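Report on one structure; see the data block that follows.
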Amino acid sequence: MNYGDSSSSRGRAQIPGPNGEPGSPGSPHGNGWSSGSDGAASARASVTPRGSASGGRASVGGAAPTSRGAAGSASVGRAGAGRASVPVSPAPGGASGRAGSGRASVPVSPAGPAGRASVGAASVGAAGRASFGSAAVGGRAAVARAGVPGMAGGGPGGPGGPTGPGRGGRGGRGDDPASRARAKKRRRINMMIAGFAVFIMLAGMGVVGFTWYSQKVLLPEDTIPPLSTTIYDKTGKTAIAKIGDQNRQLVTINQIPEHVQHAVAAAEDRNFYRHSGVDYKGIARAAWNNISGGDKQGASTITQQYARNAFDNLNQDTYGRKVKEAILASKLNDRYDKKTIMQHYLNVIYFGRGAYGIQAAAQTYFKKDVSKLTVAEAAVLAALIKQPEPSATHKGYDPAINQQDALDRWNYVINGMIAEKWLDAPKMPPHPTEYPTKTLQKPSKNNGGGFGIDTPYGNIVNYVSQELREMNLCTDNEAEVTEKKPLCAKALSRGGYKITTTIDKKMQEAALDAAQRAKKGSELYKQPTNLMAAVVSIDPKTGAVRAYYGGDNGTGTDYAGKNVDNGVLSGGHSPGSSFKIYTLAAALKADISIKSRWKGSAFTPKDTKFKVSNAGADKVSCGDSCTLEISTLKSLNVPFYYITEQIGPDKVLDMAKQAGVTTMWRTDTNPAKAYDLTKADPKDLAPSPFFNVIGYGQYPITVLDHANGVATFANQGVYNKAHFVKLVQKQNPDTGKWDTVGGEKLKPQRRIDKDIVADVTSVLEQYPGQVNRRLDDGRKAAEKTGTWELGDPKDPLANGDAWMIGYTPQLATAVWVGNKGARKAIEDDDGNKISGAKMPGAIFQRFMNDALKGEEKADFPPAAHVGKDDAGNGTAPPPEVPVPGQPGGPGCDPLGLFCPGGNNGGNTGPGVPPGPGDTGGRGGRGGGLLPSTPPTRQTY
């Protein structure tokens with residue numbers, strides 16, 4: 001088609017100039033507007049702005065074609081200020097056809113503001129579509145669609161008219177389904193674009209926030225996980241206790257076989273060697289599953305699991321924890337290589353049965369070192385990690401509890417190792433063919449984080465803890481806590497020590513067999529429930545405690561040592577005549593010989609209101625000429641009171657202190673008040689509060705202290721502090737080796753002259769035959785009994801404490817029998833009163849025989865005979881004619897201790913002769929009437 005040609009189907013509209021001048025020269029249609037020929041299908045409309053309406057709005061209507069296809073005419077209305085209106089002429093006829101589009105051109109006046117051209121809709125009588133050209137406007141052109149009904153055009157209010165049926169209105173879409181679909185699609189696209197924009201914005205904010213938060217999450221310094229402490233006997237091989245919430249031993253990656261590492265990776269994180277520490281897809285999957293109501297899922301990698309177990313505040317099951325865990329895992333992956341991460345992980349993860357870490361797990365489940373684990377055994381341990389113990393919803397994977405699931409999980413691990421080519425591949429081990437049931441151990445009651453505290457070894461653990469403090473290996477001041485010096489309260493439970501004690505397992509078991517009520521056949525088995533025994537045995541050469549029994553657990557009362565209850569220190573028992581060994585030594589030191597003579601009859605000391613007697617006997621056979629030697633063997637109180645009065649009670653107290661007694665309780669207060677002898681001058685404590693009755697053992701001391709004192713005599717006067725710790729080792733986290741950090745430091749001290757000790761021993765070694773407590777095979781021993789009264793006025797002959805102490809050159813032992821709980825008369829199941837020679841003597845004799853079995857027999861040094869024989873207040877006895885059956889007579893020893901047919905001081909009782917000077921079968925009873933109130937002790 002040729003625009004401008006009269007024969008053309010379209011006429012061309014001449015575009016006037018800016019001032020409305022005619023079109024270009026040569027135009028065949030003249031100036032102003034041109035129209036097409038009658039047969040033109042459409043014409044173009046040219047709109048010239050009028051007046052100052054340069055920015056007006058033009059409405060252009062298309063002309064509907066006639067039945068002949070003639071072009072409709074475009075009628076130009078008058079443009080008012082700001083608006084040009086072009087009406088549309090209705091097309092005559094109802095023939096169908098296509099409306100050609102006119103083009104509205106609105107030039108912009110330089111002086112006027114930019115306007116907007118709006119092209120209206122043409123109503124076409126026939127079915128068809130109006131097509132419009134564009135409006136060139138200095139501002140913005142808005143073109144509306146034409147609504148074309150399928151009928152002849154009508155007037156403004158008729159069909160197809162501005163307000164009639166089928167009129168879409170300005171910007172309307174009419175009833176065209178395609179138009180509505182396109183519009184709907186555009187709206188959907190727009191919403192998607194807007195949503196994506198919001199997503200991008202939020203994602204950007206999230207990235208910024210996550211980056212900021214990740215910078216705030218700092219990777220903690222390397223931390224050593226809590227390590228349990230194992231306590232061994234003196235061999236360093238037999239564990240007697242394990243302390244700590246977590247049974248764990250550190251190992252290095254070099255100590256862990258590669259197949260063990262691979263088994264764990266196959267079970268928990270098969271991509272461990274490929275990812276950067278975090279499985280983000282797994283986190284997203286687990287989060288969605290949890291949000292949607294599914295089972296809780298973790299999707300944590302090995303690195304994340306390590307972060308969770310190693311660092312505080314990461315054990316909560318929250319999404320915030322997972323985010324922090326992921327950040328830490330990423331940083332751990334940056335700091336460490338895979339081997340180091342695997343090492344850390346295997347040292348902290350829990351395997352069940354109280355085992356933390358792969359080494360503890362290997363010991364717990366297979367009784368072997370981790371380096372000795374087979375592939376099959378490694379797979380068992382790896383399978384446990386997912387759930388080592390039963391829960392409310394699953395029985396876990398311990399084969400002792402859930403055999404089938406444990407086997408299935410084991411197969412899962414093995415198959416994973418094969419899939420990752422960690423088995424059945426070149427230079428890799430073959431896969432196992434059966435579950436390792438033969439080497440798998442059954443659960444034990446000691447599988448927990450600790451054991452031994454609830455046994456008689458528990459009291460030993462308490463002493464170990466105290467000695468760590470004394471060695472300065474821990475501190476009670478939190479400000480002083482370092483990696484090498486933990487808080488004392490947590491030293492054993494988290495420090496990971498290996499402590500070798502001085503305890504001899506054979507001797508310890510011998511003590512328990514003899515004294516523990518729970519042991520069938522012991523001396524307390526099936527005896528009255530109020531009775532309790534305590535045994536302490538010490539190696540005199542070193543002070544090492546070889547056996548210690550003070551109770552059945554470490555959390556209750558220690559009857560052999562000190563206890564603190566509500567700030568009150570308790571634990572002592574009145575030693576009775578067994579304390580006379582210190583009085584005897586103090587007398588010898590004061591130049592009083594064992595042959596010196598003393599008054600033995602009961603008397604009332606000057607300025608006192610009490611009478612001193614000998615176990616209730618006012619008169620004794622030796623009268624007022626009792627040698628110190630006989631007075632010791634017969635446990636006479638009167639001579640020892642005179643001696644204490646003469647040399648001073650402070651001298652007796654000091655001798656006990658030098659021997660090893662550290663604490664003594666006064667008995668005239670309630671509760672009994674303890675005094676630390678190591679920090680006080682004896683002169684400040686005697687004669688008040690410790691009066692002359694200290695000479696025969698009224699004031700309570702502990703079994704441990706008494707044993708330590710006896711050990712000094714066994715070592716010929718050389719003192720060694722009683723102790724329980726032989727060696728302390730702590731594992732080096734870098735090398736896995738055990739470094740020595742502490743141990744016993746022997747400081748033997750000459751505290752008592754050896755000649756004094758020789759004379760004391762020469763007296764005491766006569767005693768076993770006197771009370772029928774000789775040791776087996778003629779082994780020599782020095783012994784002494786002691787008994788203290790209950791102090792009940794209704795039963796003045798009742799006993800409350802009974803002792804037997806003694807020693808050989810190799811071993812010193814103290815045994816006490818008394819009350820468990822409130823003080824009552826101590827009697828056996830037959831109603832017989834218990835004295836030192838009876839139940840305590842039986843325990844002592846039995847223990848010493850078992851403990852020393854196989855040891856060489858050693859002799860004591862001979863007596864030195866120190867001191868003056870005339871130093872006593874007694875008189876020389878008149879010459880007597882020897883009488884058969886009496887001392888000095890035929891068949892009798894000079895002292896009259898072993899005369900045939902004699903009763904040795906009283907009723908012997910069934911099978912056990914009493915101690916010297918005892919009456920009524922109450923062997924070894926010390927005491928008599930007290931100068932003060934009866935001993936009052938803390939009630940346990």
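Among all residue pairs at least 6 apart or on different chains, which show Cβ distances below 6 Å where the first residue, located in segment 257-280, is among the aromatic types (Phe, Trp, Tyr) and the second is surrounded by 17 or more Cβ atoms within 10 Å (Cβ to Cβ) and assigned to a helix (DSSP H, G or I)?
Sorted first by the residue in segment 257-280, then by its partner, the pairs are Phe272/Ala265; Phe272/Ile302; Tyr273/Lys338.
Looking at Gly521, is it over 19 Å from Lys721 (Cβ atoms), in contact with a Phe, Trp or Tyr (Cβ under 9 Å, 6 or more places away or on another chain), of a type outside the set (A, V, I, L, M, F, W, C) and part of a loop (DSSP other than H, G, I, E, B)? Reasoning before the result, please.
Numbers: over 19 Å from Lys721 (Cβ atoms): yes; in contact with a Phe, Trp or Tyr (Cβ under 9 Å, 6 or more places away or on another chain): no; of a type outside the set (A, V, I, L, M, F, W, C): yes; part of a loop (DSSP other than H, G, I, E, B): yes.
Against the criterion (over 19 Å from Lys721 (Cβ atoms), in contact with a Phe, Trp or Tyr (Cβ under 9 Å, 6 or more places away or on another chain), of a type outside the set (A, V, I, L, M, F, W, C) and part of a loop (DSSP other than H, G, I, E, B)), Gly521 does not qualify.
Tell me whether segment 348-360 contains one or more residues that are open to solvent by 20 Å² or more (accessible area, probe 1.4 Å), free of Cβ contacts under 8 Å to residues at least 60 places away in the same chain and of a type outside the set (Ser, Thr, Tyr).
Among the residues of segment 348-360, not one is open to solvent by 20 Å² or more (accessible area, probe 1.4 Å), free of Cβ contacts under 8 Å to residues at least 60 places away in the same chain and of a type outside the set (Ser, Thr, Tyr), which makes the answer no.
Quick test for you: out of Asp792, Asp777, Asp734, pick the one residue that is farther than 30 Å from Ile240 by Cβ, in contact (Cβ under 8 Å) with a residue 60 or more places away in the chain and open to solvent by 50 Å² or more (accessible area, probe 1.4 Å).
Details: Asp777 fails: farther than 30 Å from Ile240 by Cβ; Asp734 fails: farther than 30 Å from Ile240 by Cβ.
Only one candidate passes the filter, namely Asp792.
Within segment 514-530, which residues are touching a Gly at 6+ places or on another chain (Cβ under 8 Å) and buried (at least 19 other Cβ atoms within 10 Å of the Cβ)?
none
Evaluate the following for Ser465: is it closer than 30 Å to Lys386 by Cβ, open to solvent by less than 90 Å² (accessible area, probe 1.4 Å), of a type outside the set (Lys, Arg) and not in a loop (DSSP other than H, G, I, E, B)?
No; evaluated as a whole, the condition is false for this residue.
Tally up the residues in segment 670-719 that are under 20 Å from Leu790 (Cα atoms) and charged (D, E, K, R), please.
1
Restricting to segment 796-815, and then to whatever is open to solvent by less than 50 Å² (accessible area, probe 1.4 Å) and not in a strand (DSSP E or B), can you tell me which residue is nearest to Pro575 (Cα to Cα)?
From segment 796-815, those open to solvent by less than 50 Å² (accessible area, probe 1.4 Å) are 798-815; that's our starting set.
If we keep only those that are not in a strand (DSSP E or B) too, we end up with 798, 808-811.
Working: Ala798: 15, Thr808: 20, Pro809: 22, Gln810: 23, Leu811: 20 Å.
If we take residues in segment 796-815 being open to solvent by less than 50 Å² (accessible area, probe 1.4 Å) and not in a strand (DSSP E or B), then Ala798 is nearest to Pro575 (Cα to Cα).
Can you tell me which residue within segment 232-242, out of those that are in contact with a Phe, Trp or Tyr (Cβ under 9 Å, 6 or more places away or on another chain) and part of a strand (DSSP E or B), is surrounded by the most Cβ atoms within 10 Å (Cβ to Cβ)?
Let us first name the residues in segment 232-242 that are in contact with a Phe, Trp or Tyr (Cβ under 9 Å, 6 or more places away or on another chain), namely 238-242.
With the extra rule that they be part of a strand (DSSP E or B), the set shrinks to 239-242.
Values: Ala239: 15, Ile240: 21, Ala241: 25, Lys242: 22.
So the residue we want is Ala241.
Quickly run through segment 356-390 and pick out the residues that are farther than 15 Å from Trp410 by Cα and part of a helix (DSSP H, G or I).
Once the filter is applied, which keeps residues that are farther than 15 Å from Trp410 by Cα and part of a helix (DSSP H, G or I), segment 356-390 yields Ile358, Gln359, Ala360, Ala361, Ala362, Gln363, Thr364, Phe366, Val370, Ser371, Lys372.
Looking at segment 626-718, what helices (runs of 4 or more DSSP H) fall wholly within it and have at least 2 residues that are within 21 Å of Pro748 (Cα to Cα)? Break it down stepwise before answering.
On the way: elements: 628-633, 637-647, 649-659, 682-685, 703-714.
Correct list: 649-659, 703-714.
The values are calculated or read from the model by the stated rules, or taken from the named source; none is laboratory data. In this text the structure is predicted, and so the values were computed from the model without any measurement. Positions of Cβ are generated from backbone atoms using ideal geometry, with glycine treated the same way; all protein chains shown enter the neighbour counts. Please note that ligands, DNA and RNA were not included when accessible areas were found on the heavy atoms of the full protein model with its side chains. Shrake-Rupley method; radii C 1.70, N 1.55, O 1.52, S 1.80 Å.
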